[in-house]
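> Got a structure for you, questions after.
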Amino acid sequence: MPLIDTAQMLRAERAAGRAVGAFEPYNVEQIVAVIEAAEAERAPVIVQLWAEVIETYGFPALCCVVRELAGRSSALISLHLDHSDDDALIDACLENGFSSVMFDGSRLPYEENLARSRDVVRRARKVGASVEAELGIVGNIAEYATEEEAHAAIQSLLTTPEQAAEFVRETGIDILAPAVGSIHGCSLPFARLDAPRIAAIAEATGVPLALHGGSGVGEGQIRAAIAAGIAKINVDTEVRQASIATLKQAVAAIGSGPQEPPDYARVPRAVRVTTREAVAARIRAMR
Ligand code: 13P
C-alpha cells in the first residue's frame, strides 16, 4: 500500500484502543525487518528516521526502499522524521514525501517552540504531511548520574494539560509528544508513567499522543498508557541493543583465515532476524 498519513493512522488505531509502534531503523536490513514485523503481526507501523540515518544513506535510497516495501506490504506503513529542529532537514523530508515530521523545540523557550512548531505545520500542510511536536522535556537517561536523580529531575519537566491544550490549539500540530514520566535511552525498566496526566492531556488536546522513551516502559504501563490516550510509542534503545549484540556476534563468527572468504552476508542477515523479533515483540505489547 502507498505510505499512509501518520496522524490518520494514529487516530484510527486509537479509536480501536490500540497504539502504533514507531521504530528507528539504522540501515536497510532494519527497514526490511521493521516492515516484516508489522506484516507478521498484522499491525501498522511507523518507520522513523534520525537525521544521522538520512545523512548516511540520502533520501533517494531511503525513500525508494521504504516506499517500495510499503507498496508491496499488506501492513500500513508511514515514514516519519524523528526529533529535529533543523528547518532545512524538515523541509527536505517534506519534499521527499515523508508522511510526517517531528519538530522538537522542547528545549527552546515556550513561545519559540510554539512559533516554530506552528511554522512547521504551515509548511507541512502544503504537502499534506502531519506534524508531531514535543512539549515538556522527555530528556535522556545519559544526562543523569542515577535513575533516582533522573526521576526527581523529570518531575519538573512534565507537560501540563493546560499548556498542552494551548500549545495544540495555537500550533495546529497533529500529534503531541508530552513528557509523562518516561525517558530516552533506558532499556531497563525505568518509567513511572503518570496515567492520569496522560488522560488529562489527551482530553484537553484531542490529538493522538506520542510516548517517547518506550524502551524503559514495562508492558503493564504500556497498556495503561494506551488506555489513557497514548497512540504512538517510540522504541529505539532496546531494539538497537539487541541488534548490536547480534551484529557483534555475527562479526566475531566471520572467518578470517587466508583461504576463507569473509562471509559478510551473514551479518545483515543476522541483524535482520534479531530486529524483526525485537520489533514484533514490542508491537504485540501494544495491541
Ligand atoms: P528509546 O530509545 O528510549 O526507546 O526512545 C525512543 C524514542 O523516543 C525516539 O524518539
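> Are there helices (runs of 4 or more DSSP H) fully within the stretch 22-97 with at least 1 residues that are within 16 Å of the ligand (Cβ to nearest atom)? List them.
28-41, 51-57, 87-95
> Quick one: residue 165 ticks every box in (1) modelled with pLDDT under 95; (2) part of a helix (DSSP H, G or I) except a single one, so which number is it?
The failed condition is (1).
> Out of the stretch 39-52, which residues are under 26 Å from residue 13 (Cβ atoms), surrounded by fewer than 18 Cβ atoms within 10 Å (Cβ to Cβ) and in contact with a helix residue (DSSP H, G or I) (Cβ under 7 Å, 6 or more places away or on another chain)?
Listed by number, the list holds a single entry, 40.
> Output the helices (runs of 4 or more DSSP H) that fall wholly within the stretch 215-287 and possess 3 or more residues being closer than 20 Å to residue 47 by Cβ and among the basic types (Lys, Arg), or say none.
266-285
> Spot the failing condition for residue 199; the list is (1) more than 16 Å from the ligand (Cβ to nearest atom); (2) closer than 19 Å to residue 12 by Cα; (3) within 19 Å of the chain's Cα centre (by Cα); (4) not in a loop (DSSP other than H, G, I, E, B), and only one is missed.
For residue 199, the exception is condition (3).
> Moving to a separate point now. Taking only pairs six or more apart or across chains, which ones have beta-carbon atoms under 6 Å, a first residue in the stretch 179-190 that is in contact (Cβ under 8 Å) with a residue 40 or more places away in the chain and under 14 Å from residue 241 (Cα atoms), and a second residue that is of a type in the set (Asp, Glu) and more than 7 Å from the ligand (Cβ to nearest atom)?
Hits for this filter: zero, empty list.
> Give me the pairs: first residue in the stretch 130-142 and more than 10 Å from the ligand (Cβ to nearest atom), second residue among the acidic types (Asp, Glu) and at pLDDT 95 or above, beta-carbon distance under 7 Å, and six or more apart or on different chains, which are they?
130/5; 130/174; 131/174
> From the set of residues in the stretch 229-280 that are surrounded by fewer than 13 Cβ atoms within 10 Å (Cβ to Cβ) and aliphatic (A, V, I, L, M), which is nearest to the ligand (Cβ to nearest atom)?
245
> Quick one: residue 196 ticks every box in (1) modelled with pLDDT of 95 or more; (2) buried (at least 19 other Cβ atoms within 10 Å of the Cβ) except a single one, so which number is it?
In the conditions (1) modelled with pLDDT of 95 or more; (2) buried (at least 19 other Cβ atoms within 10 Å of the Cβ), residue 196 misses (2) alone.
> Out of (1) within 14 Å of the ligand (Cβ to nearest atom); (2) assigned to a helix (DSSP H, G or I), the odd one out for residue 191 is which?
Single failed check for residue 191: (2).
> Let me ask something additional. Looking at 206, 172, 214, can you tell me which residue is modelled with pLDDT of 95 or more and within 16 Å of the ligand (Cβ to nearest atom)?
Criteria check complete, one pass: 214.
The values are calculated or read from the model by the stated rules, or taken from the named source; none is laboratory data. Only a predicted model underlies this, so the values are computations on that prediction, with no experimental measurement involved. Cβ atoms come from the backbone with ideal geometry, glycine included; neighbour counts cover every protein chain shown.
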